[in-house]
Amino acid sequence: MSEITLNVTDTDGAGHTLTAQPGDVLMHVLRDNISLDIGVCGGEISCGTCMVRLDPDWSQSLAGPGDDEAEMLEALDAPGGARLGCQVIVGDNLQRGAVALLHED
């Protein structure tokens, strides 16, 4: 499998170039490389700390949010286009895409 390159902007505006494997959960990649405060619920769709904005081209290539994710995004009053990183699986379609972290500690 080939590595996927992700261009991530954290909540402080700092840029990070990360690599992931196809099939990785985006939240795990972000938590393991940027901050342990990302995904504190362990991917149970109950905290919102992994909320991200994805490159629009990426978003179009992904399935939309499921019911639980949509409910959490609504409860968080998330901006349009936001997703929970715990629900995004990295794939070849995400190569060199941009990710912006939206959760502020």
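The values are calculated or read from the model by the stated rules, or taken from the named source; none is laboratory data. Every value quoted in this text rests on a predicted model; they were computed, and no experiment measured them. Accessible surface is based on the protein model in full, side chains and every heavy atom, while ligands, DNA and RNA are left aside. Shrake-Rupley method; radii C 1.70, N 1.55, O 1.52, S 1.80 Å.
Below is a table of values for the structure above.
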read-out	value
1.4 Å probe accessible area per residue over the chain, in Å²	53 Å²
Rg/Rg_ref, the stretch 43-84, where Rg_ref = 2.2 N^0.38 Å and atoms are Cα	1.08
Normalised contact order of the chain, rounded percent, pairs of Cα under 8 Å and 6 or more residues apart	42 percent
Carbon + sulfur, % of accessible area of the chain - ligands and nucleic acids excluded, 1.4 Å	44 percent
Computed helical MRE - 222 nm, the chain, DSSP H runs ≥ 4 contributing -39500 (n - 2.57), nearest 500	-6000 deg cm²/dmol
Of (1) 1.15; (2) 0.96; (3) 2.64, the label for Cα Rg over 2.2 N^0.38 Å derived from the coordinates	(2)
